[in-house]
1. Tell me, which residue of region A:49-95 that is modelled with pLDDT under 95 and among the hydrophobic types (A, V, I, L, M, F, W, C) is farthest from B:R74 (Cα to Cα)?
2. For region B:105-116, indicate whether the set of residues that are modelled with pLDDT of 80 or more, among the polar types (S, T, N, Q), open to solvent by 40 Å² or more (accessible area, probe 1.4 Å) and part of a loop (DSSP other than H, G, I, E, B) is non-empty.
3. Give just the number: which of (1) open to solvent by less than 40 Å² (accessible area, probe 1.4 Å); (2) under 15 Å from the mean Cα position of the chain (by Cα) does C:R84 not satisfy?
4. Restricting attention to region B:31-81, which residues are among the small types (G, A, S) and within 27 Å of C:D85 (Cα to Cα)?
5. Report yes if C:N64 is outside any helix (DSSP H, G or I), without any contact (Cβ under 8 Å) to a residue 60 or more places away in the chain and surrounded by 15 or more Cβ atoms within 10 Å (Cβ to Cβ), otherwise no.
6. Test of understanding: among B:D106, B:D85, which residue is among the charged types (D, E, K, R) and under 22 Å from A:V7 (Cβ atoms)?
7. Evaluate region A:84-102: report whether one residue or more is of a type in the set (F, W, Y), in a strand (DSSP E or B) and at the interface with chain B (Cβ under 9 Å from one of its Cβ atoms).
8. Can you pull out every residue in region B:36-61 that is among the polar types (S, T, N, Q), surrounded by 11 or more Cβ atoms within 10 Å (Cβ to Cβ) and more than 10 Å from chain A (Cβ to nearest Cβ)?
Protein chains: 4
Amino acid sequence: MTEQVSVTGLVATTPRHLVTQDGLPITSFRLASSQRRFDRKENKWIDGETNWYTVTAFRQLAINASTSVSKGDRVTVLGKLRVRDWDNGERAGTSVEIESDSIGHDLAWGTSAFTRTVLVREADSIEEPAEAEQPVLAGTSGKAGK
Amino acid sequence: MTEQVSVTGLVATTPRHLVTQDGLPITSFRLASSQRRFDRKENKWIDGETNWYTVTAFRQLAINASTSVSKGDRVTVLGKLRVRDWDNGERAGTSVEIESDSIGHDLAWGTSAFTRTVLVREADSIEEPAEAEQPVLAGTSGKAGK
Amino acid sequence: MTEQVSVTGLVATTPRHLVTQDGLPITSFRLASSQRRFDRKENKWIDGETNWYTVTAFRQLAINASTSVSKGDRVTVLGKLRVRDWDNGERAGTSVEIESDSIGHDLAWGTSAFTRTVLVREADSIEEPAEAEQPVLAGTSGKAGK
Amino acid sequence: MTEQVSVTGLVATTPRHLVTQDGLPITSFRLASSQRRFDRKENKWIDGETNWYTVTAFRQLAINASTSVSKGDRVTVLGKLRVRDWDNGERAGTSVEIESDSIGHDLAWGTSAFTRTVLVREADSIEEPAEAEQPVLAGTSGKAGK
């Protein structure tokens, strides 16, 4: 199985961008995800330990991430988890990588101005069938203020 | 169990923003996720059926989403899935909602300029322990172009 | 995108098994997942609302599920989420289906005796590289009782 | 954020069970998840690289897993991902653990006989509201064989 993961965290290194000899754009950075948990004794949320990931992006996602993502940003990453052994001759270890399918700035932490670079595809003209319509925010509209 | 889902798709309605009488900001929109699959006979990717969701956001995420997200944007949403029956007196049905923890513009489809609105918290000063360092892009650096 | 979900819940109907005219085995049942949350005022876990799914399985998984899964069992299901409109001529609505890749009895609720029906495949002879070995339960072995 | 993962794979070590001095039951084993991918040139599925995890279980899940799970079994594990550095004095490295919420034998690979050990809780008497009923296997019943 391929493990899909979604991680929300802090970009901890300046994204590094390169293009392989074959012309493949690659961007990568380190991502820190701190686990918060509710401490019942203290009656408050506290920061727990941190998961560290190497995030990699390819092709168009790599190009856009390299110009949009900076160290210190809060992002959400979706992708495939890869747990790999590595050995560079001097040292060896285990790396935990996410080969990303999507990266986005986390709007829980800020605003973003989006500019599409990918041309409109057929799927973008999608229209929801009328019969499927339903009250958006069903059940809460009655509470709406004026 | 609470089902966590992550969905990448197209914002299909203009986000609707309101504040409840209790002062709670809420933003909601419809999200369309088309399932693409590789057709072996045709030897190409084709669009399959579409999952429709009502995405809801609360508090700071609602405020930022209302100013950042537009109909037609490509976004990634993380949140809790809620399958609920609804009945507005005239019609009844089943709604599929995502109560979002994170929303972000999908950098696979464009670039974004991010402005933080949430003050720096303690966790942002996080530094990776030196001993955990490893070659970023381990195994691929040899292929790097100039 | 195809939304992967994992759901732990209660089998709420007797699984129904059939074989299509094309010879495809299909098993399906309704699955109820109740969302528990910690109530800070009451200082205890309480049951929240319930998500209802129709779980479908095909081929070998369908055959094994039909003989192993009963109404009232606690199971974990992994699969692809499908939100679909349906109309049977008399009534119409929205169904939320999980096309399952895996179904298993949840060992948090009981024990299970497993009998393999699928022949051993090459991947089963997998051996972990010696250099990747590490102390299982690293950091907790010191606390082990006698 | 806490990263939830679901992994389907092969139990690669005999599960190890212990009880801490505080009376906490713990079970752990190594889990191998091989990533299969469709090779378009070869026109067939091939095994890719393998993700290795240390799975830990606590309390009732640990007790049931220790008597139900054997090396060589195919299981599905749901839980929280923990990427941690470890150092046992002689060697150091990174471990990738799943603190499991659920473990179950994968019915795609065999059958299981389930025996509940946890007493019936209130949630088990759950009944689906009649108005939510819908045709199970909607749209496929017409294809059913005899």
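1. The selected residue is A:A92.
2. no
3. Failing condition for C:R84: (2).
4. Correct list: B:A32, B:S33, B:S34, B:G48, B:A57, B:S70, B:G72, B:G79.
5. So C:N64 fails the test.
6. Just a single option satisfies the conditions, and that option is B:D106.
7. yes
8. Matches in region B:36-61: B:N51 only.
The values are calculated or read from the model by the stated rules, or taken from the named source; none is laboratory data. The structure presented is a predicted model; accordingly, all values stated were derived computationally and were not measured. Every residue, glycine among them, receives a Cβ derived from its backbone with ideal geometry; neighbour counts consider all protein chains shown. Each accessible area value is taken on the protein alone, full model and side chains, heavy atoms only, with ligands, DNA and RNA left out. Shrake-Rupley method; radii C 1.70, N 1.55, O 1.52, S 1.80 Å.
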